[in-house]
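Worksheet: one structure, shown below.
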Amino acid sequence: MAKVELKSVVKRFGDVRVVHGIDLEIADNEFIVLVGPSGCGKSTILRMVAGLESISDGEIYIGDRCVNEVDPKSRNVAMVFQNYALYPHMTVHDNMGFSLDMAKRPQKEINEKVRKAASMLELEPYLDRKPEALSGGQRQRVAMGRAIVRQPDVFLFDEPLSNLDAQLRTQMRMELKKLHMKFSTTTIYVTHDQIEAMTLADRIVILKDGLIQQVGTPVEVYEKPANVFVAQFIGNPPMNILEGTVARDQGRLGVRTKRSFFPLQEDRKNLWEGQKVLFGLRPDAIKIGDSLNRIPPEWRCTAQVELTEILGGQSLLDLVVDDEISLIAEVEGRVQMQAGSSVEVGFCFDRVVLFDPETEEALSSVAQLEGTAEGTTPERDIAHKKEIEVHTN
Amino acid sequence: MERKLSPATIVLYVVLGILVILYLMPAYMALVTALKSPAEISLPTAWEWPSVINWSSFSEALDLLKPNLVNSLILTVCATALSTVLGSLNGYVFSKWTFRGSEIIFTLFLFGMFIPYQVILIPLFQTLRAMNLYGGLPGLILAHVVYGLPITSLIFRNFYAQIPTALIESARLDGAGFFSIYTRVVFPLSIPGFVVTSLWQFTQIWNEFLWGITLTRHSENPITVGLAQLAGGQAVSWNLPMAGSILAAIPVLLIYVFLGRYFIRGLLAGSVKG
């Protein structure tokens, strides 16, 4: 059990900087997911915490100890690798007990701990098998068992589910979540899959090009993305990003597109009339049919249907508004519509996110300007910690 | 499954058959000559099967070559074991513990493979004499160990490149150090590598002649030198050197027969998702 702290952590490979000064505080027992496209530095950060990569600049603390110069084996962290990295010549039992054996624990204790972990992971029938005689999911479990047996301060996961097929991935994801609820060990989990990030994380860290784009709970990064990149990376299909101009109509501040005007829910002091903005709408913030009743008339308009895709319980609609703005809506139920037909749509404009078109950063709402800031401020951390404590109790 | 014999296949097999006969001819000649009594050996009847099979050449040759055989066994086993183990450690470092400049050092290392025996003969002789190792088996063993390192290191480095680095990293996090990773993880996975490398080294060292004759005194000569002396007299009874060469070939043959099957085993199966 330990908190993990990264202070201005930099990683250079030769002259190339791949991680540019990361600051991150991970609370004790927290499940943190690092997510981002390939090459964003997420695996490098994880490997620096593990001690498998040196830290070019900055400091990493595990608990109260600066581990910059500490050997991987003395950091008391356990890592689950993408390809499992099981020792092929050892049985499942020996794989899981290897770290205890290295620590010269008595054989009796090793057997006990391995058996306990194996029963938890339903691996007992396979303890005498070698990894080659196991299925992908079982190998994955052995890798997790190997990590659990050590009772480490921190669990590190490097894309552990990416080698599994879709069905097994969902199942293992849930098992991982349950394991974390059971052990409440601080966990750092790297993935490029935003669904894994959304479902597993207490807080998500979104990275791009070695820089943190946003840190927040899954709902925060979904509803209040810090910039256009986060808006489009989190969520599938991604957030619709449209162009508009700030205008005032009948006394209300809003966004004007070519032919329509959508008033904002409240006045914002940091916007001025004539200001160009990008505005983002989640596909599930666009309604049609019966759900339109909940949308005030000023947030509705007419759209042309380009394509409908039925996912099962939901449908995706490719829509065109004002003859030129295309967007994707995700609506409940199976919707079958002719291409080219017109449909009345409503925007949940209370969920709109405005971005500066040049910096692509979010334009903070009034509420945000007044204090409850985003990201890693101490207040948020404390509030969040309390939330976790409630969870675990 | 029925296969049609196309003209091309037939031509191929005929050519291969001729080559096999060509290749086995010396072996047949050696066997036939070894089994004849000295009186029966003559050029006109050289290809004929012996009228009476005479096994005594083998026991006679064995008596004459015994000291050389023993020398060669000691030399080959020691030099093969040492150069293989050292090569394995080198390969482990060059593939999994790379350091600044290790690629350059490895490249320089490989130059050693392209130096012919003859080129370093004189400096080698002088070095061994300076080290007081000239004339005996230890000196020859040392020479073969050093000379074998480039090739054994190369084979092991390429072999270890197939072992996923994550395995090493995982062992590091599990608390294993440089040597315990080697003994507990890398070495058990290296059996095919050891088989390939020791087969290669065994054959090379067993068959080597030039250093054997120049770097050891008479009593320490290896089998290749003994064989040459058997055939080097004034009136040669050809049955003896022929029987001797068959005897000399047996250890290498046996090694291939018994260790060859390890080539096929894939001991890495199951370490990572295939």
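A short reminder: the numbers here are calculations on the coordinates, not readings from a lab. None of the values given here were measured: they were computed from a predicted structure. Methodologically, a virtual Cβ is constructed for each residue, glycine included, from the backbone with ideal geometry; neighbour enumeration extends over all protein chains shown.
Within chain B, all pairs of alpha-carbon atoms sorted by distance into 5 Å bins from zero give the percentages 1, 5, 10, 11, 12, 12, 12, 11, 9, 7, 5, 3, 1, 0, 0. Relative contact order of region A:1-82, taken over Cα pairs closer than 8 Å and 6 or more residues apart, is 33 percent.
Rounded to the nearest Hz, the phi-derived 3J(HN,Hα) couplings of region A:328-342 under the Karplus curve 6.51 cos²θ - 1.76 cosθ + 1.60 (θ = phi - 60°) are 10, 10, 10, 10, 5, x, 9, 10, 10, 9, 5, 5, x, 6, 9, where x marks glycine and proline. The coefficient of translational diffusion for region B:1-54, derived via Stokes-Einstein from the alpha carbon Kirkwood radius under 25 °C and 0.890 mPa s, stands at 180 µm²/s. Within a straight-line Cα-Cα reach of under 27 Å, B:Lys66 can be paired with the following lysines, leaving aside sequence neighbours fewer than 8 residues apart in one chain: B:Lys36. Pair-distance distribution P(r) for the protein assembly as shown, from all Cα-Cα distances in 10 Å bins starting at 0: 3, 11, 16, 16, 14, 12, 10, 7, 5, 4, 2, 1, 0 percent. For A:Lys208, the residues whose modelled amide H falls within less than 5 Å of its own, excluding neighbours fewer than 5 places apart on the same chain, are A:Gln213. For A:Gly58, nonlocal amide neighbours, meaning residues 5 or more places apart or on other chains whose placed amide H falls under 5 Å from its own, are A:Val10. For region A:209-266, run through the GluC sites (Glu not before Pro) and keep only the ones in DSSP coil with at most 14 other Cβ atoms within 10 Å of their Cβ. Loop-located and lightly packed - A:Glu266. In this structure the amide hydrogen of A:Asn227, modeled in the peptide plane, comes within under 5 Å of the amide hydrogens of A:Ala362, none closer than 5 places in sequence on its chain. Distance between the modelled labels on B:Glu40 and A:Ser326, one decimal in nanometres: 9.3 nm (7 Å Cα→Cβ projection).
Averaging the Cα positions of each part gives two centres, and for region A:110-162 and region A:1-48 these lie 26 Å apart.
Kirkwood Rh, chain A, all Cα pairs: how many Å? Kindly include the intermediate steps, with their values, before the conclusion.
Numbers: mean 1/r = 0.0427 Å⁻¹.
It is 23.4 Å.
Estimated from helical segments only, the mean residue ellipticity of the protein assembly as shown at 222 nm is -13500 deg cm²/dmol, where each DSSP H run of four or more residues counts as -39500 (n - 2.57). In this simple spin-label model, placing a label point 7 Å from the Cα along the Cα-to-Cβ direction at both B:Ser102 and B:Thr183 gives a separation of 2.1 nm.
Counting only residues at least eight positions apart within a chain, or on another chain, the aspartates and glutamates with an alpha carbon under 13 Å from that of A:Lys3 are A:Glu25, A:Asp28, A:Glu30, A:Asp64, A:Asp153, A:Asp381. Shown here are the Rg and Dmax of the Cα trace of region A:238-369, at 14.9, 45 Å. Computed over chain A with a Gaussian network model linking Cα atoms closer than 10 Å, the most mobile of A:Ala85, A:Ala197, A:Ala362 is A:Ala85. The phi torsions of region A:291-297, fed into the Karplus equation with coefficients 6.51, -1.76 and 1.60 and a -60° offset, translate into couplings of 5, 5, 3, 7, 9, x, x Hz, rounded to whole numbers, with Gly and Pro shown as x. Over 19 Å between Cα atoms, which of A:Lys113/A:Lys182; A:Lys73/A:Lys104; A:Lys178/A:Lys224; A:Lys42/A:Lys208; A:Lys73/B:Lys96; A:Lys7/A:Lys42 qualify? Result: A:Lys178/A:Lys224 exceed 19 Å. Here the simple spin-label model places points 7 Å from the Cα toward Cβ, and for B:Leu22 and A:Glu266 these points are separated by 9.4 nm.
Placing +1 on the Cβ of every Lys and Arg and -1 on the Cβ of every Asp and Glu, with nothing else charged, gives region A:4-230 a dipole about its Cα centre of roughly 560 debye. Couplings 3J(HN,Hα) of region A:254-269, computed from phi: x, 10, 9, 9, 3, 10, 10, 9, 10, x, 7, 5, 9, 5, 10, 6 Hz, in residue order, whole Hz [Karplus 6.51 cos²θ - 1.76 cosθ + 1.60, θ = phi - 60°; x for Gly and Pro].
To the nearest µm²/s, what D does Stokes-Einstein give for region B:26-99 at 10 °C and 1.306 mPa s, using the Kirkwood radius over alpha carbon pairs as Rh?
Working: Rh = 16.2 Å.
In µm²/s, the coefficient rounds to 98.
For A:Lys7, A:Lys182, A:Lys208, the sequence from fewest to most other C-beta atoms within 10 Å is A:Lys182, A:Lys7, A:Lys208.
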